[in-house]
Structures are given as C-alpha cells and as structure tokens.
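The values are calculated or read from the model by the stated rules, or taken from the named source; none is laboratory data. These figures come from a predicted structure and were not determined experimentally. Cβ atoms come from the backbone with ideal geometry, glycine included; neighbour counts cover every protein chain shown. When the accessible area is computed, the model is the full protein with side chains, heavy atoms only, and any ligands, DNA or RNA have been set aside. Shrake-Rupley method; radii C 1.70, N 1.55, O 1.52, S 1.80 Å.
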Amino acid sequence: MFCPLVWLCSAGSLPSPMPPIILPPTPCAANSTSLPAGDAIPHRNRKPTTRRQRCRISVTTASSSSALSAAPALIANAPTPRAFSALFKAASSSSPSHSLGAQLHAQAVVRGFLGDGDNTILSTAILNFYASCREPDLARQVFDRMARRNAVTWNALIKGYAQAGRRDEALALFRCMRRHDRVAPDKYTFPALLSGIGRNRGGVCVQELGGAVHAQVVKSGLDKDPFVGASLVSMYAATGALEDVKAVFDDVDTLDPVVWSSMISAYVNCKEEEAALLTFYKMLCQDIKPRQFVYSSLFAICGSMSMLEMGRQVHAHSLKNITDKDAAMTNALLTMYSDCGCIDDAWRVFNSNDVVDVISYNSMILALGQHARPKEAVELFKRMKFSGLIPDEVTLLNLLSAFNHAGLIHEGLHLFDSMLDMEGIKPTYQHYACVIDMLARSGEIEESMKTIKEMPFEAETSLWRIVLGACSKHGDIETGIKIAEMLFEMEPYEPTNYILLGNICARLGRWTEAEKVRSLMEKRGIDGDDAFSWIEMGQTTHRFGVDDRSHPISEEIYRNLDRLIGSIKAAGYVPDTSFATHSTEKDRREESLRYHCEKLAFAFGDLASPSGDTLRIMKNLRVCGDCHSAYKYFSLVTGRKIVLRDNHRFHHFYNGACSCVDYW
DNA sequence: GTAGGGTTAG
C-alpha cells in the first residue's frame, strides 16, 4: 500500500544533474555593461532577442526599481560580489526579465566572481533569479556548479520547481537535501514545497501528499510558524479541503496578518465569499492591519459578485491602510471596477498606477475587450510595447478576445496568423479556441470545424459547445445535430448541450423536435441551470428568477414592467418570439418572454432608483435575444444608461443602442 | 548594495 509518510522520509538519490554549462571567457571589456558574446549564459528555447531589444529590456526593467536603475553605475564603480547579489535580489523581485538577469550573470562570470572560492551567496542569488523567472532548469544548472550549498540554496531550487508546476522534482529535492548536504528543512522549505502541491491538481494523491508534508511540518516543530501555516492553508484550499484549512488556521499563531490573508484567499478559492468577508471583519476586530494581499482577495470577491458599493468601501479602506503601491493589488482593483461594469473607473485605476506590469496591461486589455472597446485595447497594446514591456501569451489572447467580442474577424485572424512571427509567441490551445469561437460566432461554421480538425490539440467539450451555440445562432441544424449527438455521448448529463439543441429546433419552428429534446432531458433526469439576474441597490443585492414573484414589492415591479413594455412597444419594440422555447400559441409565447429575469431586474431598478441613474444588472447566463432588444428600447424610453453583465461579457445600452452592436 | 516564506490577470 502506498504510504506517503514513508515515501517522503525515504532517502532517494539526487535527481540526475543537467549537463554542466560551459561558461567561456569572453572578450567583453571589464567596465562595460553590455552582454558578452556567445551563449555563455543559460537561455530558454525562445526566439533570440535582438541587441536593440536587449537594450530596451534592461532600460525599462531598471526603471521599475531604484536598485536596478543604479545597476550600470554600480557595476562600473564598485563591482563586488555583494553588489551583484543585491542586484540579483532586485532583479528577482517583480516582473523578472530573463535577459536582464542573463546580462548580470554574464558580468559576474566575466569578473570571475563565480570562479573558485566561496561564492555560495552570489550563486544562490543567481539561482533564485532563474527560479523567479520560472526557469527551474536554468536554476538547476547554477545549482550543479556550486561547490557548497546551504538551506537557502536548496529552498530556492525547490521553490523554482514547485512554482513551475514540477511537483515531483521539487519533492525529490526535498527528500535529498538532508542526506546530500546535511541541510535540514526549515521554515522556508515548507512554503517553497507546498506552493507547488495544491497547484498541481491533476496529479494523483494530492490530498495524501499534502497530508504527508503536513506531518513533516509537525515533526519539524514548525506547525506554529505563520508562513508555514499560511502555505498549508493555501495548499488545503487548492485541494478544496476546507475542514483541513480551518484546522490549520485554528492551530497557528493567528496574530500574524499573513495567516489571515491566506485564510481569506482560501475562502475565495473555495467559493465561500461570505465567509471570506466575515474573516476580514474578524481580522479588523482583532486590530490586525490588512496588507495588500487581503485587499486583492476582497477586490476579487466584490468583482466576481458585482458588488460595486462594497468594492468602493473596500477601496476606500485600502487607501487609508496601504501607503506603498503594489502591482497585484492595483491590478485586482482595476479588475474589480471592470467586473462591476465601471470601465471608466478601471481606466482611472490603470492610468494612476505607477507600478504597471505586464499583468496590468493584460487586465486592462481584457477589460476593454469585455466592454466592447477594441480600439482602445489595440491602442493600449501599442502603448505596452512602446513602454518596453514584452507582451506574453495572455496579452495576445486578451487582444484576440477583444476582436472576437467586437466581431472584428479580419483583425482577429490577422493577429492569430502573425503572432508567432511578429511577437514570437506560439498559439496555445486557448488561442485556437478563441479563433474557432470567432469563426463560428460570425457564421463561418464550416471554417471553424476545419480549424478544430487541423489544430495541434484535441478539442475539449467546452469548445464543441461553443460551436453548437453558434449553430443555434445561425440556424445550422444539420451541423448542430451532429455536434450535439457527439456531445451527448461524451457528457450525457451536461444540460447546456440539450438546451442548445432544443433552442436550434425552437428557433427554426421545429417544435416537435424541440419537445423531443426536452423530454429526453427529463427522461434522463437532467435539470438545466436556472436563469437569475441581480441588481444592487445601496447595501442590498436583489435577485430575480424567471416569472419570479417572491420580491416584497413584486406587484409594483410587475405593474412597472407592464407599463414599460407598453412604452417600448409604442416606440417600435416587437417581441421576438423565436426566443421562446415552448410550442405554445403566439400570445402565450410572448407572455413567456415578458417576465424574464433580466426584464424584472430592470423594472425593479427603474422603480427603486432616481430617474436618469445608470442601472447595473448581472445575469448568470447569456442574455436572451429578446431581452437584449427590449433593453435597447428601455434605454431609449427611460433615458437611462444600462450596464448588463452576462456570463460572457458586458453590454452597455444607451439611447436605443448597445455597445456590442448586436454582435454577441 | 551580499541570497530564501503566504496571494493577484486568463
């Protein structure tokens, strides 16, 4: 039987070393700061950067850190191993640039700082730099060349592998450190190791492994340490073991803010938003000052639940308590405003942010795409490159998605076709999925099917479902049936597949087939997801279902909705009964559309807020086509702006039109 | 100016 405890304690052999790297003498002048010629320094399998690009990287990265901006002068005037160690530390801290580190590494080699003698501290700093760049194999090359290693060295390498998702190598190193170098695990080792265990959810025995590491923590007498506790909390949260999370939290020194911050994130990960907010209040009651991480988690909650008022309060609270800027917190704040429908506030956060990194740009480009502002997304992408930051695969995915939301097929396909040559980034599965979505959504169903067949990845069911949705939109019943049959085989209990096929039939007026799909669903005991819409009024969020009469002022809401429907009909609105899903007579179909949840939420918001106020409404599913049309007229007859967030994107309605230009 | 803990975009 598998015994993780024995396995962890057993003395394995050190994983086989990489071939040693050759660090040749270079012709570089001693006081120069440019990169020496040749591949002396570990490099990734990436398109080599040009000399011009290398210069640009070092200048811009240096500007983000005062320590780094002083690098050239420091190297020229006081080139000591200590100075280099400090520079590597600075280079590892935020958005580490591989090429900058390689230049520094080259300089250290040129000056003979990595030759004979005691260079453990400098080598560890270099190793840690490569680990921070998510390049554990390069860190390993440095490790293998070191004459002496201590706990800091081992911990840095373990963390490098763990955070790159290479759990088994991190564990192998953990098992070896004591035997190989007589280095015992310390309070830094466990957070390093644990950071990679929960992350790797696909692996076997994650729970047992986590438990085994936890047992080692107890054995080492480190179970009261707040950082070890915080990493245990995160690990258990990543595996969904909320009871274990609580047990660890109760056990550690809870006066330390680190543990509280981890606990709040844990609740967020486990979708226990209310518990997370409650933990925040408890933390404040105990006079523990929140740090940036806590605010990041709280912003994520407010954003995901579209709680704008709460989000504003948390923002104000953070302004009072946090003086030093933090990129992650600011990015979370930006995303919170965007998720609450306030794209202009997101812009303000972005523009006032003086710690902008790649994630800031990625977040803002994503937000602009979701809010149907592709021109601004493109401008921002250009600004990002001009500033010297290198776009990554997420940047291009977000830009592609912005084109997709706006129906800019030509631009999207051009970006997709040129991304490898222009940006040096190979399309991943997600890029393909986005392009296939784009093709299918625009009616190019055949082309999207062809791309699925040709792409170097296996299509997941969610991608087939996207194409099925497009078949529904464009009335391609033959292809729709083929895909649906395949999906019924692959995941017979997924309600969306049945609903999408039923919708295709219903939209084409093929009611008998639509009923067949519905009865098949019933026969198999499958319930579809109920549709809900939410609207926030002051401190309260009001939720509406379809035909929902549970609200305390339900009668008034229905009266207001009937009045509004009368007004919009007079203005030209015609109910689109093709969105009705039952084969009843025309009047009944019209009736079934009238009290959709998003219409009820608007009718309530219109009653409960001063005229002219913007209404922000959230729906858990895709907005219905008839409601989309009704919302355009609502904005016309009431003069209100309406921001509707569905499960896919944002719609901004104003003066009878929607920002999505009816393409969604 | 000598190296190492928890989290955040998609």
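Observations on the structure shown:
- For A:LEU333, the requirement of being more than 9 Å from DNA strand B (Cβ to nearest atom) and not assigned by TED's automatic domain parsing to the domain that holds A:GLU423 is met.
- Test: A:SER99 is more than 9 Å from DNA strand B (Cβ to nearest atom) and polar (S, T, N, Q): yes
- Contacts under 8 angstrom Cβ, first residue in region A:316-340 being modelled with pLDDT of 90 or more, partner near DNA strand B (Cβ under 10 Å from one of its atoms) and among the charged types (D, E, K, R), 6 or more apart: A:ASN331/A:ASP357
Every residue, every condition in (1) of a type in the set (D, E, K, R); (2) outside any loop (DSSP other than H, G, I, E, B); (3) away from DNA strand B (no atom under 12 Å from the Cβ); (4) touching a helix residue (DSSP H, G or I) at 6+ places or on another chain (Cβ under 6 Å), yes or no:
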| site | (1), (2), (3), (4) |
| --- | --- |
| A:ASP116 | yes, no, yes, no |
| A:ALA139 | no, yes, no, yes |
| A:MET146 | no, no, no, yes |
| A:ALA156 | no, yes, no, yes |
| A:LYS159 | yes, yes, no, yes |
| A:ALA162 | no, yes, no, yes |
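- Note on region A:244-293: residues that are within 26 Å of A:GLN207 (Cα to Cα), under 21 Å from the mean Cα position of the chain (by Cα) and within 13 Å of DNA strand B (Cβ to nearest atom) total 13.
- Residue check, A:TYR558 buried (at least 16 other Cβ atoms within 10 Å of the Cβ), touching a helix residue (DSSP H, G or I) at 6+ places or on another chain (Cβ under 8 Å) and closer than 30 Å to A:LEU508 by Cβ: no
- Complete set of residues in region A:324-342 that are crowded, with 21+ Cβ neighbours inside 10 Å and within 15 Å of A:SER360 (Cβ to Cβ): A:MET329, A:THR330, A:ASN331, A:ALA332, A:LEU333, A:LEU334, A:THR335, A:MET336, A:TYR337, A:SER338
- Test for A:SER462: is it in a helix (DSSP H, G or I), surrounded by fewer than 20 Cβ atoms within 10 Å (Cβ to Cβ) and among the hydroxyl-bearing types (Ser, Thr, Tyr): yes
- A:GLY160 meets the conditions (1) open to solvent by less than 10 Å² (accessible area, probe 1.4 Å); (2) outside the structural domain of A:ALA102 (by TED's automatic domain parsing) in every case but one. The failed one is (2).
- Identification of helices (runs of 4 or more DSSP H) wholly contained in region A:377-455 with 1 or more residues that are within 15 Å of DNA strand B (Cβ to nearest atom) and touching a residue at least 24 places away in the same chain (Cβ under 8 Å) yields A:393-406, A:409-423, A:429-441.
- In region A:301-311 there is at least one residue that is within 11 Å of DNA strand B (Cβ to nearest atom), within 21 Å of the chain's Cα centre (by Cα) and open to solvent by less than 10 Å² (accessible area, probe 1.4 Å).
- Of the criteria (1) in contact with a strand residue (DSSP E or B) (Cβ under 8 Å, 6 or more places away or on another chain); (2) open to solvent by 30 Å² or more (accessible area, probe 1.4 Å); (3) of a type outside the set (Phe, Trp, Tyr), which one A:ALA531 fails: (2)
- Against the numbered list (1) at pLDDT below 80; (2) away from DNA strand B (no atom under 11 Å from the Cβ), A:GLY198 comes up short only at (2).
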